[in-house]
1. At a 10 angstrom cut-off on C-beta neighbours, averaged per residue, how do the peptides 88-99, 10-21 rank from highest to lowest?
2. Principal axis extents for the stretch 2-125, Cα atoms only, whole Å, descending order, please.
3. Fewest first, what order do PHE31, PHE51 take by the number of other Cβ atoms within 10 Å?
4. Taking the number of other C-beta atoms within 10 Å as the exposure measure, put VAL114, VAL54 in order starting with the fewest.
5. Over what distance in Å are the Cα centres of the stretch 70-85 and the stretch 1-45 separated?
Amino acid sequence: MKRFYLIGFTVLVLFDTIVQLSFKYAGNHAFPPEANWAWIVRVFGHPWIYFAVVGYVGNFFTWMTLLKHAPIGPAFAVTHLEVVSVMLFSAYLFHEPLTWPRVLGAAVIVVGIVCLALAETGAHPENDAPTEAKGALGVAAGD
């Protein structure tokens with residue numbers, strides 16, 4: 001199951017990152033924004049907007065699959081790794097500054113996610129029923 005989470009959350013963060021970077025690329029070609037059909041045609045005439053749509057669809061199905069098995073708290077926290085990945089890719093692709101406050105903020109996000117994961121590991125012993133086997137109150141049938 002750990003391998004499932006590792007692969008699943010990596011794919012989820014990858015989809016999230018693709019969406020945000022695609023919007024950045026599409027936005028760079030869509031400026032200045034205008035309230036007319038020419039602007040809409042300009043936005044949808046650029047292929048990056050379609051990468052964003054595909055990324056959203058992939059993100060949705062990956063997220064739904066992960067939620068079937070993972071506890072919501074740590075799962076939601078892991079999605080915030082997108083902030084870190086987008087920051088790093090933006091520094092590389094768009095030459096956005098990678099300042100110490102940004103690096104420190106990214107480190108705090110990662111440490112927070114690790115803390116939540118460790119807390120969740122201790123909250124569910126190995127012989128505990130999987131999340132999908134529990135009812136609305138978190139109790140497995142027969143408990």
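1. So the peptides 88-99, 10-21, ranked by packing, come out 10-21, 88-99.
2. Cα extents, longest axis first: 58, 36, 23 Å.
3. With the fewest neighbours first, PHE31, PHE51 line up as PHE31, PHE51.
4. Working: VAL114 11, VAL54 14.
Ascending number of Cβ neighbours within 10 Å: VAL114, VAL54.
5. The distance from the Cα centre of the stretch 70-85 to that of the stretch 1-45 comes to 18 Å.
Values quoted throughout were computed directly from the atomic coordinates according to the rules given, and no laboratory measurement underlies them. The structure presented is a predicted model; accordingly, all values stated were derived computationally and were not measured. No Cβ is skipped: glycine too gets one built from the backbone with ideal geometry, and neighbour counts run over all protein chains shown.
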